[in-house]
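Here's the structure we're looking at; comments come further down.
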Amino acid sequence: MADNFENTGKKPISFQPILMHFATRFSGKTYREFASDYRVLVETNMKCHEYFETDAVSVISDPYCETSAFGAKIIYEDEGVPHCVERLIKANEDIKALKRPDVYKEERTLNRIKGVEYYRKLVKSGVDVVGWVEGPLAEACDLMGVTEMLLLLATEEELTKIMLDKCLVTGKAFAKAQAGAGANIIGVGDAICSQISAEMYREFIFPRHKELIEYIQSLGAKVKLHICGNIRHLAADLKLLKPAIIDVDWMVDMEELYKIFGEKIIRSGNIDPVGVIERLSAGEVYRVTKELLIKEQSRPFILSGGCEITVNTPKENLLAMKRAIKDLEK
């Protein structure tokens, strides 16, 4: 995919919506099946890939894959994202005692690795297979709780670094396993970063993101950095990380980020997944999409929602987004 953007002139526009709960509903499966069985995850996404003519498939299912591998108990819901029953890290002393999991032996991480392998048996040449790992801050929050981890970040410098580094080590191992299984892009999800200051990000997270991204790139895979929310205050630092792709949420101005990122970082997004893609008519979604594409047609760009496509999105609205691409390419 990304190599295509190195050509001069008019750039191809890739269509890569994030499909999870939408895929299960579209295929008549439950989220429990989707999140617990790689075959269901892959087959539901392949059905969407073929129907909506997307340019990528992904193994992302929920944020608790690595958390489960660390030893936390996860509850599956038929129509909801799996969630952690009880925080694994309850006290500061638990941080140093946290053991590194073997991603090939733990059920949920192995399930995701098998998902990548299965995709590679099914997808045609040129279709991106996107692996997924939690970023160090997101995983630390999954293990400790968001409030508890952010408090640690603000008050305990050394313990914060220990916690983040343990998450980083597992993130690297999990990324390597998925790249080895055939993922040519690794998504790094660290949404909570949009909620911390630029100074905190620069001190604690940036060096770990840099290490993770450069490691994944050394494996021959590209990196897609996913931080939900408003990332304007982080944009200058994110540019220095040099990922291939950065997901951009709907409240961030694409033009502003283009001026910062330039041609070397592909911006992916950023149509409002609820206010526009789910709730407007197909005709209105087509209009909004085409207006965005006209601005972006000469630049490296991936069309997607600002985040995951919601479960209640009408299929006609996703088809309208794809039709806008086709009409612009005529």
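So, Gly269, is that one at positive phi, surrounded by 22 or more Cβ atoms within 10 Å (Cβ to Cβ) and either in contact with a Ser or Thr (Cβ under 6 Å, 6 or more places away or on another chain) or modelled with pLDDT of 95 or more (or both) or not? Before the answer, list the steps.
Numbers: at positive phi: yes; surrounded by 22 or more Cβ atoms within 10 Å (Cβ to Cβ): yes; either in contact with a Ser or Thr (Cβ under 6 Å, 6 or more places away or on another chain) or modelled with pLDDT of 95 or more (or both): yes.
Considered against the rule, which asks whether it is at positive phi, surrounded by 22 or more Cβ atoms within 10 Å (Cβ to Cβ) and either in contact with a Ser or Thr (Cβ under 6 Å, 6 or more places away or on another chain) or modelled with pLDDT of 95 or more (or both), Gly269 comes out as yes.
Pick from Leu88, Leu19: which is farther than 29 Å from Ser268 by Cα and either without any contact (Cβ under 8 Å) to a residue 60 or more places away in the chain or part of a loop (DSSP other than H, G, I, E, B) (or both)?
Details: Leu19 fails: farther than 29 Å from Ser268 by Cα.
None of the others qualify; the one that does is Leu88.
What's the total number of residues in the range 243-259 that are within 17 Å of Gln16 (Cβ to Cβ) and touching a residue at least 40 places away in the same chain (Cβ under 8 Å)?
Of the residues in that region, 8 qualify.
When you check Thr160 against the structure, is it touching a residue at least 24 places away in the same chain (Cβ under 8 Å), assigned to a helix (DSSP H, G or I) and closer than 27 Å to Tyr118 by Cβ, yes or no?
In short, no.
Any residue at all in the range 80-93 that is under 22 Å from Gly305 (Cβ atoms), in contact with a Lys or Arg (Cβ under 9 Å, 6 or more places away or on another chain) and among the acidic types (Asp, Glu)?
no
Hey, can you tell me all the residues within the range 94-138 that are in a helix (DSSP H, G or I), under 25 Å from Val40 (Cα atoms) and either in contact with a strand residue (DSSP E or B) (Cβ under 8 Å, 6 or more places away or on another chain) or free of Cβ contacts under 8 Å to residues at least 24 places away in the same chain (or both)?
Correct list: Arg108, Leu110, Arg112, Val116, Tyr119, Arg120, Lys121.
For the range 184-286, which fully contained strands (runs of 3 or more DSSP E) count at least 3 residues that are touching a Gly at 6+ places or on another chain (Cβ under 7 Å)? Reasoning before the result, please.
Details: elements: 185-189, 222-226, 245-248, 266-271.
In the range 184-286, the matching strands (runs of 3 or more DSSP E) lie at 185-189, 266-271.
Does Glu50 count as under 17 Å from the mean Cα position of the chain (by Cα), assigned to a helix (DSSP H, G or I) and either touching a residue at least 24 places away in the same chain (Cβ under 8 Å) or surrounded by fewer than 21 Cβ atoms within 10 Å (Cβ to Cβ) (or both)? Explain how you work it out, then say what you get.
Details: under 17 Å from the mean Cα position of the chain (by Cα): no; assigned to a helix (DSSP H, G or I): yes; either touching a residue at least 24 places away in the same chain (Cβ under 8 Å) or surrounded by fewer than 21 Cβ atoms within 10 Å (Cβ to Cβ) (or both): yes.
No.
Specify which of the listed residues (Asp237, Asp190) is surrounded by 21 or more Cβ atoms within 10 Å (Cβ to Cβ), among the charged types (D, E, K, R) and at pLDDT 95 or above.
Exactly one of Asp237, Asp190 is surrounded by 21 or more Cβ atoms within 10 Å (Cβ to Cβ), among the charged types (D, E, K, R) and at pLDDT 95 or above, namely Asp190.
The rows are residues; the columns are (1) surrounded by fewer than 16 Cβ atoms within 10 Å (Cβ to Cβ); (2) free of Cβ contacts under 8 Å to residues at least 12 places away in the same chain.
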residue	(1), (2)
Leu293	no, no
Ser298	yes, no
Gly305	no, no
Glu316	yes, no
Lys322	no, no
Lys326	yes, yes
Glu329	yes, no
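Taking Val59, is it in contact (Cβ under 8 Å) with a residue 12 or more places away in the chain, under 18 Å from the mean Cα position of the chain (by Cα) and surrounded by fewer than 19 Cβ atoms within 10 Å (Cβ to Cβ)?
For Val59, the condition - in contact (Cβ under 8 Å) with a residue 12 or more places away in the chain, under 18 Å from the mean Cα position of the chain (by Cα) and surrounded by fewer than 19 Cβ atoms within 10 Å (Cβ to Cβ) - is not met.
A quick yes/no check of all residues on (1) more than 26 Å from Leu241 (Cβ to Cβ); (2) surrounded by 17 or more Cβ atoms within 10 Å (Cβ to Cβ):
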residue: Lys90; (1), (2): yes, no
residue: Asn111; (1), (2): yes, yes
residue: Tyr118; (1), (2): yes, yes
residue: Val146; (1), (2): no, no
residue: Thr170; (1), (2): no, yes
residue: Ala175; (1), (2): no, yes
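For Cys84, work out the one condition from (1) surrounded by fewer than 16 Cβ atoms within 10 Å (Cβ to Cβ); (2) modelled with pLDDT under 95 it doesn't fulfil.
Cys84 satisfies every listed condition except (1).
Keeping to the range 120-153, report how many residues are at pLDDT 95 or above and of a type in the set (Ser, Thr, Tyr).
Counting residues in the range 120-153 that are at pLDDT 95 or above and of a type in the set (Ser, Thr, Tyr) gives 1.
For the range 22-44: of the residues being in a helix (DSSP H, G or I), without any contact (Cβ under 8 Å) to a residue 40 or more places away in the chain and not hydrophobic (A, V, I, L, M, F, W, C), which is farthest from Ala175 (Cα to Cα)? Even if it seems obvious, please write down each step before you answer.
Of the range 22-44, the ones in a helix (DSSP H, G or I) are 22-27, 31-36, 38-44.
Checking which are without any contact (Cβ under 8 Å) to a residue 40 or more places away in the chain leaves us with 23, 27, 33-34, 40, 43-44.
Within this subset, residues satisfying the condition of being not hydrophobic (A, V, I, L, M, F, W, C) are 27, 33, 43-44.
Values: Ser27: 28, Glu33: 23, Glu43: 22, Thr44: 23 Å.
Filtering first and then ranking leaves Ser27.
The values are calculated or read from the model by the stated rules, or taken from the named source; none is laboratory data. The structure presented is a predicted model; accordingly, all values stated were derived computationally and were not measured. Because the Cβ atoms are built from the backbone with ideal geometry, glycine has one as well, and the counts that use them run over all protein chains shown.
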